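The values are calculated or read from the model by the stated rules, or taken from the named source; none is laboratory data. For clarity, every value in this text was computed on a predicted model and none was experimentally measured. For neighbour counting, all protein chains shown are included, and Cβ atoms are generated from backbone atoms with ideal geometry for every residue, glycine included.
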Amino acid sequence: MGKLERSRVKLFAILFFTLFCSMMGAGIVAPLLPVYALNLGAAGIMIGFIFSSFSISRSIALPAVGYLSDRFGKKKFITFGLISYVAVSISYCLAKSAWTLVFIRLGHGLAAAMIVPVASAYVGELSPSGHEGKYMGILNVGVFGGLGVGPFLGGVISDAWGMKTAFLTMAALNTIAFVIVLLLVPERKGTGKIIEASSYFKLLKNGRILALMTYRASHFFGVGIIWSFMPLLIIGGHRLSTTYSGGFISLSVLTATILQAPVGKMADHYNRKIIALLGGIFMVVAMAIIPFSSTYTMLCTGIILSGLAGGFIAPAISALTVSEGRFQHAMGSVMGLVLMGQSLGIMLGPIIAGELMDLYGISAAFLSGSVVALVGLVLFIVFGKDFTCETVIEHSLPVRGA
């Protein structure tokens with residue numbers, strides 16, 4: 001292994017561990033927030049708005065953060081995002097009303113826009129051409145692994161020592177991640193030309209980028225519903241504790257985690273579009289099964305299917321995004337736009353599902369996720385017609401911005 005390769009592996013390992021710690025901290029909130037919001041007087045639509053406020057601020061910030069990180073360097077955004085996470089974690093302990101949680105979640109979303117998207121763009125630039133699926137798949141193990149462990153850990157800590165202890169644990173994990181990045185990660189600027197802000201409109205006219213954005217949005221519409229309302233389904237419908245609620249969410253995320261590396265490698269050798277579409281089919285079925293689960297076996301089946309969806313979609317879409325970012329010479333900008341689609345899905349899912357829950361019950365909330373996932377499949381096929389069977393997109397696309 002040469003010096004350059006050793007340096008690449010070292011940086012990758014540091015960013016992997018950093019994202020694992022940070023996302024584990026973020027995952028701790030998942031099983032607690034709906035119950036916390038209910039205790040502060042929130043109804044279904046308000047719970048959805050509390051969850052969605054995170055994605056509102058994240059969606060607004062992502063394009064600007066992607067552009068600025070391409071121009072001024074990525075490390076400063078990651079470190080500022082991590083230290084902001086610490087402040088947000090402590091703020092959760094001080095919330096006195098449902099509206100206070102809304103403002104805390106807005107701050108949480110701004111901080112989040114500076115961490116995973118920018119770190120993913122950093123790794124995207126590190127990854128060798130033709131190995132995007134492998135690198136992004138392994139990185140997603142850190143992201144999904146942290147999110148998978150977090151909800152279960154949050155449920156256990158909350159049941160044993162209270163919610164505020166869980167929030168402080170989130171602060172501690174992000175402090176560790178902040179110190180690691182500050183001391184061990186070098187600054188890195190974009191490797192290609194810097195696009196002007198007006199060029200975002202050109203990127204948004206690109207069919208491949210629209211396909212990636214809409215598919216991310218439709219998938220995370222359902223993910224947002226699971227994270228927002230699964231605790232209410234488990235605790236209210238099945239009469240189980242917060243630990244079980246966190247455990248079921250963790251089951252979904254850990255299922256996705258296990259698949260990230262092998263499916264990422266698969267995405268370097270087989271048609272990434274087909275792999276992503278298979279994940280979408282899993283999501284359609286999962287969101288239809290979960291609300292009508294009368295037994296724990298049926299509920300686990302739906303949860304595992306939702307994890308399989310993430311296990312196929314995330315590495316394939318991440319690899320396509322990195323290839324497109326390299327092709328456009330704007331890794332941070334393309335990554336920011338695609339993840340903005342993800343944030344829009346997480347933002348709209350809980351709000352729409354919350355309104356449906358108030359009107360028709362919790363089953364309608366989950367079924368809306370199945371319908372949107374199906375629409376996402378169709379749009380991905382339509383907008384993504386330029387994706388070919390080639391594994392590396394920049395080798396197969398003749399015209400930029402087509």
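Here is how the numbers come out for the structure above:
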{"item": "Conditions (1) part of a helix (DSSP H, G or I); (2) at pLDDT 75 or above: number failed by residue 270", "result": "(1)"}
{"item": "Residues of region 100-118 classified as within 15 Å of residue 340 (Cα to Cα), of a type in the set (Gly, Ala, Ser) and either at pLDDT 90 or above or part of a helix (DSSP H, G or I) (or both), total", "result": "3"}
{"item": "Subset of region 325-351 [farther than 9 Å from residue 66 by Cβ and not in a helix (DSSP H, G or I)]", "result": "328, 329"}
{"item": "Subset of region 1-40 [more than 22 Å from residue 140 (Cβ to Cβ), at pLDDT 85 or above and among the small types (Gly, Ala, Ser)]", "result": "37"}
{"item": "Only listed residue being crowded, with 22+ Cβ neighbours inside 10 Å, touching a residue at least 24 places away in the same chain (Cβ under 8 Å), in contact with a Phe, Trp or Tyr (Cβ under 9 Å, 6 or more places away or on another chain) and closer than 16 Å to residue 252 by Cβ, chosen from 309, 288, 319", "result": "309"}
{"item": "Condition met for residue 304 (more than 19 Å from residue 119 (Cα to Cα), part of a helix (DSSP H, G or I) and at pLDDT 85 or above)", "result": "yes"}
{"item": "Residue in region 177-184 that is at pLDDT below 90, on the phi < 0 side of the Ramachandran plot and either acidic (Asp, Glu) or crowded, with 19+ Cβ neighbours inside 10 Å (or both) present", "result": "yes"}
{"item": "Output for region 217-262, where each listed residue is at pLDDT 80 or above and over 24 Å from residue 372 (Cα atoms)", "result": "258, 261, 262"}
{"item": "The listed residue being surrounded by fewer than 24 Cβ atoms within 10 Å (Cβ to Cβ) and closer than 22 Å to residue 352 by Cα, out of 50, 45, 90, 83", "result": "45"}
{"item": "Scope region 146-171; condition among the small types (Gly, Ala, Ser) and either touching a helix residue (DSSP H, G or I) at 6+ places or on another chain (Cβ under 7 Å) or surrounded by 24 or more Cβ atoms within 10 Å (Cβ to Cβ) (or both); matching residues", "result": "146, 148, 150, 154, 155, 158, 166, 171"}
{"item": "Boolean, residue 132 is among the charged types (D, E, K, R) and surrounded by 24 or more Cβ atoms within 10 Å (Cβ to Cβ)", "result": "yes"}
{"item": "Qualifying position, being aliphatic (A, V, I, L, M) and either farther than 30 Å from residue 361 by Cα or assigned to a helix (DSSP H, G or I) (or both), among 42, 95, 26, 30", "result": "26"}
{"item": "Matching entry among 7, 22 (being under 26 Å from residue 228 (Cα atoms) and either over 22 Å from the mean Cα position of the chain (by Cα) or buried (at least 17 other Cβ atoms within 10 Å of the Cβ) (or both))", "result": "22"}
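Condition check ((1) under 22 Å from residue 345 (Cβ atoms); (2) of a type in the set (Phe, Trp, Tyr)) across all residues:
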{"residue": "35", "(1), (2)": "no, no"}
{"residue": "41", "(1), (2)": "no, no"}
{"residue": "53", "(1), (2)": "yes, no"}
{"residue": "57", "(1), (2)": "yes, no"}
{"residue": "61", "(1), (2)": "yes, no"}
{"residue": "67", "(1), (2)": "yes, yes"}
{"residue": "71", "(1), (2)": "no, no"}
{"residue": "80", "(1), (2)": "no, yes"}
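Residue-by-condition table, conditions (1) at pLDDT below 90; (2) closer than 29 Å to residue 110 by Cα; (3) out of contact with any helix residue (DSSP H, G or I) (no Cβ under 7 Å at 6 or more places or on another chain):
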{"site": "329", "(1), (2), (3)": "yes, yes, yes"}
{"site": "334", "(1), (2), (3)": "yes, yes, no"}
{"site": "338", "(1), (2), (3)": "yes, yes, no"}
{"site": "343", "(1), (2), (3)": "yes, yes, no"}
{"site": "366", "(1), (2), (3)": "no, yes, no"}
{"site": "370", "(1), (2), (3)": "no, yes, no"}
{"site": "379", "(1), (2), (3)": "no, yes, no"}
{"site": "386", "(1), (2), (3)": "yes, no, no"}
